[in-house]
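Encoded as structure tokens, the structure appears first; notes follow it.
The values are calculated or read from the model by the stated rules, or taken from the named source; none is laboratory data. None of these values were measured; they are calculated from a predicted model. Cβ coordinates were reconstructed from backbone atoms using ideal geometry, including for glycine residues, and neighbour counts include every protein chain displayed. Please note that ligands, DNA and RNA were not included when accessible areas were found on the heavy atoms of the full protein model with its side chains. Shrake-Rupley method; radii C 1.70, N 1.55, O 1.52, S 1.80 Å.
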Amino acid sequence: MSGKFVVGYDGSVSSRRALEFAVERARAQGGTIVLAHVLEWSPYSFLTASELEERHKRRREEMERAEKAITSTVVTELKDSGMPVETVIRYGNTADLLCRIAKEVNAVQIVIGRDGQSAIGARVFGSVAGALVQTAPVPCTIVP
Amino acid sequence: MTRYAFPAAAVGAAMLAMPAHAQSVDEKVNQIFANSTGWFVNLIFSNFPGTSFPWIVAWLVIGATVFTLYFGFIQFRAIGHSIALVKGDYSDPNDAGEVSHFQALATALSGTVGLGNIAGVAVAVSIGGPGATFWMILAGLMGMASKFTECTLGVKYRNEYPDGRVSGGPMYYLTKGFAERGLPGGRILAVMFSIFCILGALGGGNMFQANQAHQQIAGIVGAYPGWITGVIFAGVVFAVIVGGLKSIAKVTEKIVPFMGILYVGTALIIIAMNADQIGWAFGQIFEGAFTGLGVAGGMVGALIQGFKRAAFSNEAGVGSAAIAHSAVRTKEPITEGFVSLLEPFIDTVVICTMTALVIIITGQLVAGPDGNYLLNEAGTAIQTVGGTSGVGLTSAAFGSAISWFPYVLAIAVVLFAFSTMISWSYYGLKAWTYLFGEGETKELVFKVIFCIFVVIGAAANLGPVIDFSDAAIFAMAVVNIIGLYFLMPIVKRELDGYLSRLKSGEIKKFE
């Protein structure tokens, strides 16, 4: 069975750990990796008129930058090590999009790291891990 | 009197307390300006012969009525769809990260919600009586159709540059739309629009705002020279528009909507506190709308004040909003038209009405034993409890129910003024680059001029300058609405095409 492992990846140390964890499991099961990078974005945020004007341009630049940053590092590493990997870069809410991507690619699991914010911080601002536990359509592993 | 031709300017003049040392220079500047621009102000704000009805108000209201009828009361038919669009029901998830309908609407609103909603309404109610509220709401509802027309065109004829930036507004639809229909004169109208837009941006969108912000701050901390406020404001504006200091803009963007909600929320609380008076207040509004309730000018006086306030507050037909709305990411220009018609609704029908209701319900207007309102000594406005007018009247009305609210209101006025300035700096810049072309140096020249005018606006009592710039804003409407009359068949075509595809299910919600 060649399942897909969706990994929430933002370049941080913890997301790196999550990736390593997922790669190990994927290797054992003959699965593949879907590297999901989410640019946090809300369509209900407020921008000035000049930011509106440049939004399309900025978005293109941000996508290019993210793509470059990810593909130039981890994706090449993974491919070199013989692990099939696809990348998905999207704008939106991290937890929502990880669920959506998992559904789209028919993933067997979502793997994310955690940034170790304090309990009170998570309570006030919410956490990706917390939201995923509640809403993930497939089993979800949170790598400490 | 020209003073009453533009109430907000009258408020400004009434509220100004000038530092003595600037008086002579100030008077000189006033004199020079008044002499050279007075004819223009008089032309724009002149009344129909034998009446006190400014033709520019009739121009805006007739325009709004024509668009309302031409598009078959689109503002009532489409409002449900407008809300669905703003919520993002019809937005492609793959376009996430692009400008959403909500963002375009919010940015346009931050340019219009401001002093007009707080000070202007107070002037309208104190001169025209509670009945002015009725006409204001009516004009606000009609204005929704003007916005719909201009913002659809703004998106349809915007410029999209290879680097991904988007630029739109009346100057572009006047040029391209007229050319497309084979009509002459589009370019001339566009140039005229741009000139008026630059003047309006420097005046009503800048000096007037800076001036009123200074009055608010001085009202709390005590009188001090206006140039100090001016320099601080100019510094902040400079940092945002030239330095690209996004963080300040980001903070304001978050606080301004919050202030707007706080303002409406507080108004609702005050209205709820006086729940037993609601019936009476609406009675006053309806009765006053048709009888005037003894107010100077009677029913016609109420009507003029209401129409004026709505037109001046929501800028429907002026063309400014079309600039802000045109950056939205959509394949269908008409969708932004649907979204933009919510703008006069929120600005006038909701926020302005709240101000009026609070003033009426808290009993700020003094009535005589016969139920008619008493006029002040000059006979120009209704007597108020504390003899207040303009922002002062709104402040007193809120303060009578919640004692500390005037402080919050002062902060709100300053922030609204700031966000209006940022928005208009952009509108002015777009007109500037239309005339002189794009380029960093050219843009920098305008931005520096804009910042200098912030200081001038805050420092001096430049009544005639402000009158002039207000006249320029409404001159924008003259040019813009002429254009809209010629281009409205294009909007009609877009509308019919879109609605039939919506009905057939070709356009459907995502998810």
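A few comments on the model shown:
- Ranked by the mean number of other Cβ atoms within 10 Å of their residues, highest first, the peptides B:267-275, B:358-366 come out as B:358-366, B:267-275.
- Fraction of the pair-distance distribution of region A:4-143 above 22 Å, Cα-Cα pairs, percent: 40 percent
- Accessible-area rank, largest first, for A:Arg60, B:Arg501: A:Arg60, B:Arg501, with all protein chains present and a 1.4 angstrom probe.
- Whole-Å distance, taken between Cα centres, linking region B:187-212 and region B:348-386: 32 Å
- Using the Karplus relation 6.51 cos²θ - 1.76 cosθ + 1.60 with θ = phi - 60°, the per-residue 3J(HN,Hα) values for region B:403-410 come to 4, 8, 5, x, 5, 4, 4, 4 Hz, with x marking Gly and Pro.
- The GluC sites (Glu not before Pro) found in region B:362-444 that occupy coil by DSSP, while having at most 16 further C-beta atoms within 10 Å, are B:Glu377, B:Glu438.
- Backbone geometry of region B:341-352 corresponds, through the Karplus equation with coefficients 6.51, -1.76 and 1.60 at θ = phi - 60°, to 3J(HN,Hα) couplings of 5, 6, 5, x, 5, 5, 5, 9, 5, 8, 5, 4 Hz, x marking Gly and Pro.
- Note on A:Glu61/B:Met273: beta-carbon distance plugged into 1/(1 + (r/R0)^6) with R0 of 60 Å gives a FRET efficiency of 0.70.
- Residues with amide H under 5 Å from that of A:Thr141, placed H, sequence gap 5 or more: A:Ile110, A:Val111, A:Ile112
- In sequence order, region B:95-103 has phi-based couplings of 8, 4, x, 8, 5, 8, 4, 4, 5 Hz under the Karplus curve 6.51 cos²θ - 1.76 cosθ + 1.60, θ = phi - 60°, and Gly or Pro positions carry x.
- Heavy atoms of B:Trp404: accessible area, 1.4 Å probe, square angstrom to 10: 150 Å²
- Surface accessible to a 1.4 Å probe, per residue, for the residues of chain B, Å²: 37 Å²
- Inter-chain neighbour count for B:100-110: the average number of beta-carbon atoms from partner chains within 10 Å of each residue's beta-carbon is 4.
- Remark: chain B carries a charge dipole of roughly 640 debye about the Cα centre, counting +1 on each Lys and Arg Cβ and -1 on each Asp and Glu Cβ.
- DSSP-defined antiparallel bridges as percent of all bridges, chain A, nearest 5: 0 percent
- Rounded to the nearest 10 Å², the accessible area of B:Lys250 at probe 1.4 Å: 80 Å²
- For the protein assembly as shown, dividing the convex hull volume of the Cα atoms by the residue count gives 180 Å³ per residue.
- Bridging of B:Lys508 to lysines at a Cα separation below 29 Å is possible for A:Lys57, A:Lys103, B:Lys87, B:Lys147, B:Lys156, B:Lys331, B:Lys492, once same-chain residues fewer than 8 apart are set aside.
- Amide H contacts of B:Leu375 (H built 1.01 Å from N, under 5 Å, at least 5 apart or other chain): B:Gln383
- Using a probe of 1.4 Å on the protein chains alone, the accessible area found for A:Arg100 is around 80 Å².
- Treating each Cα of region B:2-504 as one equal point scatterer and applying the Debye formula with no solvent, the log10 of I(q)/I(0) at q = 0.13 Å⁻¹ comes out as -1.28.
- For region B:243-319 versus region A:1-47, the spacing of their alpha-carbon centroids is 50 Å.
- Label separation (A:Ser45 vs B:Ser52): 5.0 nm, computed from points 7 Å beyond Cα along the C-beta direction.
- With the simple spin-label model, which puts each label point 7 Å out from Cα in the Cβ direction, the B:Lys442 to B:Lys331 separation comes to 3.4 nm.
- Computed extension gain for B:Leu183 through B:Lys254, at 0.36 nm per residue and net of the alpha carbon distance, reaches 21.2 nm.
- Computed per residue of chain B from DSSP H runs no shorter than four, each worth -39500 (n - 2.57), the mean residue ellipticity at 222 nm is -23000 deg cm²/dmol.
- Using 0.36 nm per residue and subtracting the Cα-Cα separation, the extra length available between B:Phe40 and B:Ala84 on full extension is 11.5 nm.
- Shape box of region B:385-511 [Cα atoms, principal axes, largest first, Å]: 59, 46, 33
- Chain A contacts chain B over a buried accessible area of about 2600 Å², both sides summed; the probe is 1.4 Å and only protein chains count.
- The 1.4 Å probe gives accessible areas that order B:Met259, B:Met142, largest first, as B:Met142, B:Met259.
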